[in-house]
Amino acid sequence: MTRDLDWGIPVPVEGFEDKKIYVWVEAVLGYLSASKKWAESRGISWETIWSSEDAIHYYVHGKDNIPFHTIILPALLKGHGNLHLPDRIISSEYVTLEGRKISTSKDWAVWMPYLIERYNPDTIRYFFIANGPEKRDTVFSWREFVNKHNGEILGAYGNFVNRSLVFIQKFFGGQVPEGQCNPDIHKTLVELYDKVGGLIEQGDFKDALDAVFSFICSANKYFDDQQPWITVKNDINKCRETLHTCVQIIVHTCVQIIVNLSILLNPFLPFSSDKIRNMLRIDDMIVGWEYTEIAAGSRIGEVKTLFERIDKKVIEEENRLLTKK
């Protein structure tokens, strides 16, 4: 528990003044002391967090920190009065940059302020969840970053939202048409809440996001198969039902699912979700983690593009800047 160092927290025991407490002993115990301070500032009992069986403790970190949170911390918590032990250890693997180990001292890194300044924050969030080192080591590459944005964020998610809302605006005067949601899609959506919610509670964010985007891809296929651009001309009743269902998909995948995920746990794509709620004029709608419908006849607002395409020239530009460091 101690180190022979000139700096650090001294051991408060006579005869051991030259010893310093090992940093990972006092560091992990900081979870307890910090939460006590937090509870005190809000006038609540810290025991509700550390002594209650109702609490669930998540520990999220890189895999090199596993020993400190699974051996040292539990030992300290037991020695401090059998306090609540970690319930779920969520450890990520390593991520490299263009195949090389990231080094901030050598400036072989992509800095977050730079990313936020130049790229859509939802794209950044999506990429680091969908391509993150959740189960294995991964590589950050500018080519993959741009391709993920153009092919999945823009091509699947943004395209489905935009094409459906623009079509309703053009052919139905901006009002959600009468109709019933396709029963198979309704069933899938209801089941998706349990599936995605369970994955997130287990810390499987990548799988949760993959499940949502797999559904969005099937929604795009549904739109294509139903060919509303044809039925609007020769079968208006079928067209109404198709568009009504598509609107429900938009609401439940892009608004209800993503917004609820961002509210209950860890936000995925909060900025684009805000845009969709604004376009659908449902900012004040109170929703929970359950299937919810937007009523037929509801009028949508101005349709805005969720994402802009990233020019592939960016790949070469970013790699050139990186190699100049």
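Each reported figure results from applying straightforward, stated rules to the coordinates on display, with no laboratory input. Computed from a predicted structure; not experimentally measured. Cβ: placed from backbone, ideal geometry, glycine included. Neighbour counts: every protein chain shown.
Below, the figures for the structure above:
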read-out: Highest-first arrangement of 29-41, 102-114, 271-283, where packing means the average Cβ count within 10 Å; value: 271-283, 29-41, 102-114
read-out: GLY8 long-range amide H proximity, modeled H, under 5 Å; value: none
read-out: Placed amide H near LEU97: partners under 5 Å, 5+ positions off or other chain; value: ILE102, PHE140
read-out: Phi-based couplings in Hz for segment 26-38 (Karplus 6.51, -1.76, 1.60; Gly and Pro marked x); value: 6, 5, 5, 5, x, 4, 5, 5, 5, 5, 5, 5, 4
read-out: Distance between segment 151-196 and segment 113-148 - C-alpha centres, whole angstrom; value: 26 Å
read-out: Efficiency of FRET from Cβ geometry, ARG88 and LYS313, R₀ 41 Å, rounded to 0.05; value: 0.45
read-out: Candidate aspartates and glutamates - alpha carbon under 14 Å from LYS20, same-chain residues fewer than 8 apart omitted; value: ASP4, ASP6
read-out: Using distinct alpha-carbon pairs, which all enter the 1/r mean, Kirkwood radius of segment 19-164 in Å; value: 18.7 Å
read-out: Cα-based shape type of segment 42-102, given that a ≥ b ≥ c are square roots of the gyration tensor eigenvalues and the cut on a/c is 1.5; value: prolate
read-out: Karplus (6.51, -1.76, 1.60) ³J(HN,Hα), θ = phi - 60°, over segment 80-93, in Hz, Gly and Pro reported as x; value: 8, x, 6, 7, 4, 8, x, 8, 9, 9, 10, 10, 8, 8
read-out: Placed amide H near SER92: partners under 5 Å, 5+ positions off or other chain; value: HIS61, GLY62, LYS63
read-out: Cα gyration tensor category, rounded, prolate or oblate, for segment 92-203 with a/c compared to 1.5; value: oblate
read-out: Whole-Hz ³J(HN,Hα) from phi, Karplus 6.51 cos²θ - 1.76 cosθ + 1.60, for segment 9-24, glycine and proline x; value: 8, x, 6, x, 9, 4, x, 10, 5, 7, 9, 10, 5, 4, 4, 7
read-out: Segment 2-92 shape via C-alpha gyration tensor axes, a/c threshold 1.5; value: oblate
